[in-house]
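Submitted below is the structure of interest, expressed as structure tokens.
The values are calculated or read from the model by the stated rules, or taken from the named source; none is laboratory data. Computed from a prediction, not measured in an experiment: that's the story for all the values here. A quick note on method: Cβ atoms are made from the backbone with ideal geometry, for glycine too, and the neighbour counts reach across all protein chains shown. Ligands, DNA and RNA are stripped out before the accessible areas are found, and what is left, the full protein with its side chains, is counted by its heavy atoms. Shrake-Rupley method; radii C 1.70, N 1.55, O 1.52, S 1.80 Å.
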Amino acid sequence: MDLTSKLRTTLGSIGIVLAGVGSLQAVGLQNLVPSHTPSYQSLLDRYCITCHNENLRTAELVLSRLDVEKISEEPEVWEKVVKKLRTGAMPPAGMPRPDKANYESFASYLETALDRAAAANPNPGRPVLHRLNRVQYTNAVRDLLAIDIDGENLLPGDDSRYGFDNIGDVLTVSPLLLERYLSVARKISRLAIGDPDTQPVFETYTVPKYFVQDDRMDEALPFGSRGGIAVRHHFPLDGEYIIKVRLGRNSRDYIRGLGEPHHLDIRLDGALVKRFTIGGKSYGRSAPIFSSGAMGDPAQETYERTADEILEVRFPAKAGPRLVGVAFLMETSVPEGPARSRMTQYDLLQYKGGAPGVATVSIGGPYNAKGIGETTSTRRKIFVCRPSTVEEEEPCARKILSTLARRAYRRPLTDKDLQTLMGFYQAGRSQGFEAGIRTALERVLVGPEFLFRIELDPENVAANTAYPISDLELASRLSFFLWSSLPDDQLLELAERGKLRDPVTLEQEVRRLLGDWRSKALVINFGGQWMQLRSLRSVSPDPETFPYFDDNLREAFHVEAELFFESLLREDRSVLDLLNADHTFVNERLARHYGIPNIFGSHFRRVKLNQEERRGLLGKGSILTVTSYANRTSPVLRGKWVLDNILGTPPAPPPTDIDIPELQDRGEDGEMLTMRQQMEQHRVNPVCASCHNHMDPLGFALENFDGTGSWRTMDSDTPIDNSGVMPDGTQFHGPAGLQMVLGKRSEDFVATVTEKLLTYALGRGIEYYDAPALREIIREAASDNYRWSSLISSIVKSTPFQMRRSREP
């Protein structure tokens, strides 16, 4: 049976797995009981049964048949009631409701009863089998083999649910994906160990088309450079390699910036490989600087279209990952003549003047290969022993594979595990010792033990029973939560010794993992998806409406948001600071967009925000851009983002049985309408108004930000009205006013962040039975002002994270 068949057979035999551990303690719950206990049944009958009875069945919620004294019998229904009460949504506006004291008392009574029931009979859930997603696979390979792979190009993207792509329900395995994993494992094993028979291939790296290359482009490029790209490329063997550079062109295929000579450097690990001079030559009359139908002299036309063919160099390189840098030297003089204003997207398509920029860098090889080499950290990490005789080969292979597989599988190896790997080693051994190790490594990288996070029910646990997961399973949950990767040796050793569950040790490990550089994954994968930063790649602001939007600004939006989120995490600030922190990170391009003076260069630096409207998440250009349309703002998308990600009350999807009218940008007399006026027309429809009355006021408060987050005061020659009114009558104006309103609902925001973070940590959606754990997490974090470390530690100690439910009979 071949490797693919073996893997499919193994995958088919794996059952549904996963879940959480820990027990929600009833300690302190008695303190939450209200000091006075009115007749909650009469309160329910008076204010709720009117709509939620057997006849009307409003929202399919029937309360008339429930006993308010027996909350534990219908926890799913009562959790829905609690959510409605805590968001102030029930009774609806305009209907009679209890006074505030009784309202709060009833909500507290329900929560306390539900929390007690959950403590007595915990339900941590039972997630499905959890495949590593693309990011996790990439990071696991990095930490296992000390090799960086381009996961985005090697593996397809993963489906998302609940806003995240690490949800077990959607991380399925198709035959096509299985074939891709086999191909990737083969490539990785050859990169890691080396293959003397490697044939020359080219890999091309591309600079985004609308990147304006007028400054240093990357921290890895030298000071005094301009434009270009820095890439970490893996050279498979000691040998010779070729680098080819192609420059940016306009819409008629003219190379930009050939009017004057420019110097281009190619560097390897910072050392100069070759310096080229390109441009400044004339072979006759040139076509106009802005492309049109006119042509220049033939020789000049050929030059302006092919001049970059000289940008090719062949050089020797050692095997392993190397930093390749390609960039122009920064010009120290300014050409005579009037300063040219910043180019629009349309100008960039037509213009062939200015300074040249790098479009692609292609690296090919190896040629004249001289061997695998022994300088790479990857090979040192793999080959923990070296056999000097044939007799030493098998014991050495066992040691190498045992060491690798223990880390890869996140647990000690069984005899069967090692026997399986040795079978693959023997299959490849006919071509040499290293070929055998390479074949076995392929099996490790496609094995279900590596590809899946497998949690199995202990044999002595009764069916449908909550039980603590093992320390080893807890270690994997913790590392994939905070690092999106494997447990390291320290975490794995603690788990193997059964010490990880100790509260003091577990707290220390949480803080250690948060302090490690790998916790950047929490910023990128949790923060990035929650803030919808991945959507920035696909947004395309209309060039006519936003002519100065470019890829530099797109990238700056992304970097700013990540640095902002990371600063709050690293400084262990309160989660609430996401709403109102008075700092951000900008470079010259972003500062110009925000109107912040005296910021120069491409380097990002921390700045204090004097503009109230820019504080917190709602002032970030990234969020404002992804919640806009290509040619205009969208109060609906922005309001929905606030409801979903700040207040935790996402609106219902639009009805499918009615035609939703398009917005009209002109009134009956032909005058241009502001966005507010267009939305007011839209809300005339009562069906639309039911949701838009909640969303639109939040979005209107952000109308001073245009579709790319730039500040403005006019819309269609009309002063912007940034006022809003909440359904409860609270009035506010502009971003600062909205921040104040949201600040008064800080508990809603904390609950929303906690639910999103727990969803990400568990890799599954939050169910009604998780609500008691959520409340406990929030209560614990409240004592430390909702600092990130407290919130994360409380999640790690929670029932759904530390326990799971066994299979039903």
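Could you tell me whether segment 423-432 includes any residue that is at pLDDT 95 or above and open to solvent by less than 10 Å² (accessible area, probe 1.4 Å)?
For segment 423-432, residues at pLDDT 95 or above and open to solvent by less than 10 Å² (accessible area, probe 1.4 Å): present.
Within segment 600-616, track down each residue that is touching a Phe, Trp or Tyr at 6+ places or on another chain (Cβ under 8 Å) and part of a helix (DSSP H, G or I).
Of everything in segment 600-616, those that are touching a Phe, Trp or Tyr at 6+ places or on another chain (Cβ under 8 Å) and part of a helix (DSSP H, G or I) turn out to be Glu613, Arg614.
Would you pick out the residues in segment 372-418 that are farther than 30 Å from Ser470 by Cα and of a type in the set (A, V, I, L, M, F, W, C)?
First, pick out the residues of segment 372-418 that are farther than 30 Å from Ser470 by Cα: 372-380, 383, 385-396.
The answer is Ile372, Phe383, Cys385, Val390, Cys396.
Separate question: Restricting segment 84-113 to residues that are touching a Ser or Thr at 6+ places or on another chain (Cβ under 8 Å) and part of a helix (DSSP H, G or I), which is surrounded by the most Cβ atoms within 10 Å (Cβ to Cβ)?
Within segment 84-113, the match that is surrounded by the most Cβ atoms within 10 Å (Cβ to Cβ) is Ala113.
Another one. For segment 480-494, name all the residues that are surrounded by 20 or more Cβ atoms within 10 Å (Cβ to Cβ) and in contact (Cβ under 8 Å) with a residue 40 or more places away in the chain. Walk me through it before giving the result.
The initial filter retains those residues of segment 480-494 that are surrounded by 20 or more Cβ atoms within 10 Å (Cβ to Cβ), namely 480-487, 491-492, 494.
Phe480, Phe481, Leu482, Trp483, Ser484, Ser485, Leu486, Pro487, Leu492, listed by residue number.
Here's a follow-up. Taking segment 128-160, which residues are closer than 22 Å to Arg805 by Cα and at pLDDT 90 or above?
Scanning segment 128-160 gives His130, Arg131, Leu132.
Still on this structure, please answer the following. Return only the number of the condition from (1) part of a strand (DSSP E or B); (2) touching a helix residue (DSSP H, G or I) at 6+ places or on another chain (Cβ under 8 Å); (3) buried (at least 19 other Cβ atoms within 10 Å of the Cβ) that Arg246 does not satisfy.
(3)
Quick check: anything in segment 458-476 farther than 27 Å from Ser806 by Cβ and over 28 Å from the mean Cα position of the chain (by Cα)?
Checking segment 458-476: not a single residue is farther than 27 Å from Ser806 by Cβ and over 28 Å from the mean Cα position of the chain (by Cα).
Does segment 403-417 hold any residues that are more than 33 Å from the chain's Cα centre (by Cα) and buried (at least 16 other Cβ atoms within 10 Å of the Cβ), and which are they? Write out each step before concluding.
So the first thing to find is which residues in segment 403-417 are more than 33 Å from the chain's Cα centre (by Cα), and the list is 414-417.
Matches in segment 403-417: Asp417 only.
Report yes if Asp143 is among the charged types (D, E, K, R), open to solvent by 10 Å² or more (accessible area, probe 1.4 Å), closer than 30 Å to Lys370 by Cα and touching a Ser or Thr at 6+ places or on another chain (Cβ under 8 Å), otherwise no.
Considered against the rule, which asks whether it is among the charged types (D, E, K, R), open to solvent by 10 Å² or more (accessible area, probe 1.4 Å), closer than 30 Å to Lys370 by Cα and touching a Ser or Thr at 6+ places or on another chain (Cβ under 8 Å), Asp143 comes out as yes.
Yes or no: segment 757-778 includes at least one residue that is over 29 Å from Glu74 (Cβ atoms) and of a type in the set (S, T, N, Q).
Within segment 757-778 (the criterion being over 29 Å from Glu74 (Cβ atoms) and of a type in the set (S, T, N, Q)), the answer is no, since none of the residues qualifies.
Keeping to segment 780-797, report how many residues are open to solvent by 10 Å² or more (accessible area, probe 1.4 Å) and touching a residue at least 60 places away in the same chain (Cβ under 8 Å).
So the count comes out to 4.
Taking the conditions exactly as written (over 18 Å from Glu309 (Cα atoms), at pLDDT 90 or above and surrounded by 21 or more Cβ atoms within 10 Å (Cβ to Cβ)), does Phe235 satisfy them or not?
yes
Another question about this same structure. Collect the residues in segment 372-402 that are of a type in the set (A, V, I, L, M, F, W, C), open to solvent by less than 60 Å² (accessible area, probe 1.4 Å) and more than 30 Å from Arg477 (Cβ to Cβ), keeping them in residue-number order.
Correct list: Ile372, Phe383, Cys385, Cys396, Ala397.
So, in segment 150-174, of the ones that are open to solvent by 50 Å² or more (accessible area, probe 1.4 Å) and in contact (Cβ under 8 Å) with a residue 24 or more places away in the chain, which residue ends up nearest to Trp641 (Cα to Cα)?
Tyr162
Pairs please, first residue from segment 452-479 and in contact (Cβ under 8 Å) with a residue 24 or more places away in the chain and under 24 Å from Tyr760 (Cα atoms), second anywhere and part of a strand (DSSP E or B) and open to solvent by less than 40 Å² (accessible area, probe 1.4 Å), Cβ atoms under 6 Å, 6+ apart in sequence or on different chains.
Sorted first by the residue in segment 452-479, then by its partner, the pairs are Phe452/Arg131; Arg453/His130; Ala466/Met803; Pro468/Val21; Pro468/Met803; Ile469/Val21; Ile469/Arg804; Ser476/Arg453.
Somewhere in segment 444-452, is a residue part of a strand (DSSP E or B), of a type in the set (Phe, Trp, Tyr) and in contact with a Lys or Arg (Cβ under 9 Å, 6 or more places away or on another chain)? Talk me through it step by step, then tell me what you get.
Start the filter on segment 444-452 by keeping residues that are part of a strand (DSSP E or B), which leaves 452.
Retained after the next criterion (residues that are of a type in the set (Phe, Trp, Tyr)): 452.
If we keep only those that are in contact with a Lys or Arg (Cβ under 9 Å, 6 or more places away or on another chain) as well, we get 452.
The answer is yes, given that some residue of segment 444-452 is part of a strand (DSSP E or B), of a type in the set (Phe, Trp, Tyr) and in contact with a Lys or Arg (Cβ under 9 Å, 6 or more places away or on another chain).
Sticking with this one: Residue under question is Asp195, and the condition is that it be in a loop (DSSP other than H, G, I, E, B), closer than 22 Å to Ile372 by Cβ and either open to solvent by less than 70 Å² (accessible area, probe 1.4 Å) or touching a residue at least 60 places away in the same chain (Cβ under 8 Å) (or both); does it hold?
Numbers: in a loop (DSSP other than H, G, I, E, B): yes; closer than 22 Å to Ile372 by Cβ: yes; either open to solvent by less than 70 Å² (accessible area, probe 1.4 Å) or touching a residue at least 60 places away in the same chain (Cβ under 8 Å) (or both): yes.
In short, yes.
Hey, can you tell me all the residues within segment 599-634 that are among the polar types (S, T, N, Q) and modelled with pLDDT under 95?
If the condition is that a residue be among the polar types (S, T, N, Q) and modelled with pLDDT under 95, then Ser602, Asn610, Gln611, Asn631, Thr633, Ser634 are the ones that fit.
Mind listing just one residue for me: the one in segment 554-584 that is touching a strand residue (DSSP E or B) at 6+ places or on another chain (Cβ under 8 Å) and open to solvent by 30 Å² or more (accessible area, probe 1.4 Å) and, of those, nearest to Arg712 (Cα to Cα)?
Across segment 554-584, the extreme among qualifying residues is Asp582.
Within segment 62-76, identify whether any single residue is surrounded by fewer than 18 Cβ atoms within 10 Å (Cβ to Cβ), under 30 Å from the mean Cα position of the chain (by Cα) and not basic (Lys, Arg), and answer yes or no.
Among the residues of segment 62-76, not one is surrounded by fewer than 18 Cβ atoms within 10 Å (Cβ to Cβ), under 30 Å from the mean Cα position of the chain (by Cα) and not basic (Lys, Arg), which makes the answer no.
Another question, if that's okay. Residues that are open to solvent by 60 Å² or more (accessible area, probe 1.4 Å) and at pLDDT below 95: which strands (runs of 3 or more DSSP E) entirely in segment 293-371 hold 1 or more of them? Outline the logic, then answer.
On the way: elements: 312-317, 320-329, 358-371.
So the answer is 358-371.
So in segment 283-292, with the set limited to residues that are open to solvent by 40 Å² or more (accessible area, probe 1.4 Å), assigned to a loop (DSSP other than H, G, I, E, B) and out of contact with any Ser or Thr (no Cβ under 8 Å at 6 or more places or on another chain), which one is farthest from Asp347 (Cα to Cα)?
Step by step, filter segment 283-292, then rank; the result is Arg285.
Continuing with the same structure: Which of the residues that make up segment 599-647 are of a type outside the set (Ser, Thr, Tyr), open to solvent by 20 Å² or more (accessible area, probe 1.4 Å) and within 23 Å of the chain's Cα centre (by Cα)?
Listed by number, the residues that qualify are His603, Phe604, Arg605, Arg606, Arg615, Val626, Ala630, Leu637, Lys640, Asp644.
So which residues in segment 114-124 are in contact with a Ser or Thr (Cβ under 9 Å, 6 or more places away or on another chain) and either open to solvent by less than 40 Å² (accessible area, probe 1.4 Å) or of a type in the set (S, T, N, Q) (or both)?
Residues satisfying the conditions are Leu114, Ala117, Ala118, Ala119, Asn121, Pro122, Asn123, Pro124.
Enumerate the pairs (first residue in segment 274-302 and closer than 18 Å to Leu247 by Cα; second residue anywhere and of a type in the set (S, T, N, Q) and at pLDDT below 95) with beta-carbon separation below 6 Å, excluding pairs fewer than 6 apart on the same chain, so at least 6 apart or on different chains.
Once the first residue is closer than 18 Å to Leu247 by Cα and sits in segment 274-302, its partners that are of a type in the set (S, T, N, Q) and at pLDDT below 95 give Phe290/Gln350; Ser291/Asn250; Ser291/Gln350; Gln300/Ser286.
Right, something else. Only one of (1) touching a strand residue (DSSP E or B) at 6+ places or on another chain (Cβ under 8 Å); (2) open to solvent by less than 50 Å² (accessible area, probe 1.4 Å) is not met by Asp471, so which one is it?
For Asp471, the exception is condition (1).
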